[in-house]
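The values are calculated or read from the model by the stated rules, or taken from the named source; none is laboratory data. Predicted model only: the values in this text are computed from it and were never measured. Cβ coordinates were reconstructed from backbone atoms using ideal geometry, including for glycine residues, and neighbour counts include every protein chain displayed.
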């Protein structure tokens, strides 16, 4: 059976993967991963899908270095990328410029 696991490095989530329990046991030390509850995995997936959609919507501003809000859009894009590690994830999205 495939489950969703968070890969931890010094207690911080560094990746999320789908895998079998036997693979995880063979590959990682018990303190290096955590099983994600199925409901939480669905919420996380939906939130990351929305984040990716929002990032794609700002792609047009990346090459426009003379755009008056270029720096604000770059900061927003970084906030979107950092959002999954934020304590407010997935309840509060970063605010667009």
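Structure data summary
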item: Where residue 86 falls short, out of the listed (1) closer than 28 Å to residue 10 by Cβ; (2) surrounded by 16 or more Cβ atoms within 10 Å (Cβ to Cβ); result: (2)
item: Candidate set from segment 28-57 (those that are touching a strand residue (DSSP E or B) at 6+ places or on another chain (Cβ under 9 Å) and modelled with pLDDT of 85 or more); member that is farthest from residue 94 (Cα to Cα); result: 28
item: Segment 46-61 - residue that is without any contact (Cβ under 8 Å) to a residue 12 or more places away in the chain and within 16 Å of the chain's Cα centre (by Cα) and, of those, farthest from residue 21 (Cα to Cα); result: 56
item: All positions within segment 62-80 that are within 16 Å of the chain's Cα centre (by Cα) and either surrounded by 13 or more Cβ atoms within 10 Å (Cβ to Cβ) or part of a loop (DSSP other than H, G, I, E, B) (or both); result: 76, 77, 79, 80
item: Number of positions in segment 14-27 that are over 13 Å from residue 3 (Cβ atoms) and either assigned to a loop (DSSP other than H, G, I, E, B) or in contact with a strand residue (DSSP E or B) (Cβ under 7 Å, 6 or more places away or on another chain) (or both); result: 2
item: Every pair of residues 6+ apart whose Cβ atoms lie under 7 Å, when the first sits in segment 17-45 and is over 20 Å from residue 84 (Cβ atoms) while the second is surrounded by fewer than 13 Cβ atoms within 10 Å (Cβ to Cβ); result: 20/1; 20/2
